[in-house]
Amino acid sequence: MKNKVSPQQTTYQLHVSLFGIEPPIWRRLLVPCSMTLRHLHDILQIAFGWEDDHLHAFRTKGQYFEDLDMNPESDGVDEKKTRLDQVLLKEKSAMIYDYDFGDGWEHNIILEKILPFDAKQKLPICLEGERSGPPEDCGGFPGYEVLLEVIKDPKHPEHEEMLDWVGEDFDPEYFNLDKINKELERLYHKKR
């Protein structure tokens, strides 16, 4: 993710939240404006604890941005050739990040602030967030709600089975900022 810094380089503060879940699951991120949507996908996978096992796409104003290597028949724009600052042009602009078309996880991405570039600031970085990302393949937000109900109720007939599947240590309220940022730093240095 090595980017040459130009005088026009800025830092984007993004607010990313999952649709359909209350209380909300969200993250606030700082990223270089010049990163590709493919790199943003990698960052979102880490920030929400996804495993990158499914197709994804970005969309805004009728345009779709996808990994054309994974979906060569698509009419979408190549996410590897599209910079974030080509899609989110001004503060309050927004787009959707779809992950796992079967489960239908939609993330609302809002450009909260355009900040001056600071060469001392490590990017990307997660500033804050709330709640654990849902486990993969749980059936989207309706399935996630059922999962939460079942694991809270020890008398539910599927309680043990669901706990075995999701792991006894799964806590929907858990958010580990340090872990996310360590993974982002590892990713950033790997890409350099």
Would you confirm whether or not the stretch 113-130 contains a residue that is of a type outside the set (A, V, I, L, M, F, W, C), part of a strand (DSSP E or B), modelled with pLDDT of 95 or more and within 24 Å of Gly62 (Cβ to Cβ)? no
Within the stretch 166-190, the count of residues that are free of Cβ contacts under 8 Å to residues at least 24 places away in the same chain and either closer than 13 Å to Gly49 by Cα or assigned to a helix (DSSP H, G or I) (or both) comes to 7
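Residue-wise test of (1) of a type in the set (S, T, N, Q); (2) surrounded by 15 or more Cβ atoms within 10 Å (Cβ to Cβ); (3) under 18 Å from Val16 (Cα atoms); (4) free of Cβ contacts under 8 Å to residues at least 40 places away in the same chain.
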residue: Asp67; (1), (2), (3), (4): no, yes, no, yes
residue: Asp78; (1), (2), (3), (4): no, yes, no, yes
residue: Leu84; (1), (2), (3), (4): no, yes, yes, no
residue: Leu88; (1), (2), (3), (4): no, yes, yes, no
residue: Lys92; (1), (2), (3), (4): no, no, yes, yes
residue: Tyr99; (1), (2), (3), (4): no, yes, yes, no
residue: Gly102; (1), (2), (3), (4): no, no, no, no
residue: Trp105; (1), (2), (3), (4): no, yes, yes, no
residue: Asn108; (1), (2), (3), (4): yes, yes, yes, no
When you scan the stretch 41-58, do you find a residue that is assigned by TED's automatic domain parsing to the domain that holds Arg186, at pLDDT 95 or above, over 12 Å from the mean Cα position of the chain (by Cα) and assigned to a strand (DSSP E or B), even just one? no
Exactly one of these conditions fails for Ser74: (1) under 25 Å from Phe175 (Cα atoms); (2) of a type outside the set (D, E, K, R); (3) out of contact with any helix residue (DSSP H, G or I) (no Cβ under 7 Å at 6 or more places or on another chain); (4) surrounded by fewer than 18 Cβ atoms within 10 Å (Cβ to Cβ). Give me its number. (1)
Selection from the stretch 11-40 of residues that are among the aromatic types (Phe, Trp, Tyr), within 14 Å of the chain's Cα centre (by Cα) and not in a loop (DSSP other than H, G, I, E, B): Trp26
Hey, does the stretch 138-149 have a residue that's in contact with an Asp or Glu (Cβ under 7 Å, 6 or more places away or on another chain), more than 18 Å from Glu51 (Cβ to Cβ) and surrounded by 12 or more Cβ atoms within 10 Å (Cβ to Cβ)? no
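The values are calculated or read from the model by the stated rules, or taken from the named source; none is laboratory data. Remember, it's a predicted structure, so these values are computed and weren't measured experimentally. Using ideal geometry, Cβ is built from the backbone for each residue, glycine included, and neighbour counts are taken over all protein chains shown.
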